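Derivation of every value follows stated rules applied to the coordinates shown; laboratory data play no part. None of these values were measured; they are calculated from a predicted model. Positions of Cβ are generated from backbone atoms using ideal geometry, with glycine treated the same way; all protein chains shown enter the neighbour counts.
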Amino acid sequence: MLVQSAGSASTGFAATPGLGEVSLEWTSPSESDLSDILGYNMYRYEAITDHHYTDTIKINKSLITDINYKDYDCCTNKQYFIL
């Protein structure tokens with residue numbers, strides 16, 4: 001799994017593959033950077049070619065309020081990009 005994050009608040013992002021899941025973890029932004037954060041949305045897209053990508057899809061059903069998330073809708077040996 002290749003992980004890319006966007007924005008200055010998207011730091012310390014890591015993905016750990018597991019059996020039928022990918023565990024995503026990131027560093028929480030400091031309160032001075034984002035004092036009123038309510039949670040996160042996670043989006044996934046795939047590379048069709050080197051220059052063409054699928055549309056992004058939101059993978060969480062409700063706002064993620066923690067700095068951990070498990071994605072169970074993934075396939076083995078497939079490269080995903082996370083936003």
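Can you give the percent of C-alpha pairs in region 34-83 whose distance is more than 14 Å? Spell out each step's value before the answer.
Values: 711 of 1225 pairs.
I get 58 percent for the Cα pairs in region 34-83 exceeding 14 Å.
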Query raised in the report: Based on the Cβ-Cβ distance of residue 78 and residue 32, what FRET efficiency does E = 1/(1 + (r/R0)^6) give at R0 = 41 Å, to the nearest 0.05?
Result: 0.60
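May I ask you to list the GluC sites (Glu not before Pro) in region 25-83 that are in a DSSP loop and have at most 11 other Cβ atoms within 10 Å of their Cβ? The partial results should precede the final answer.
On the way: sites: 25, 31, 46; in loops: 31.
Listed in order of number, the matching sites are 31.
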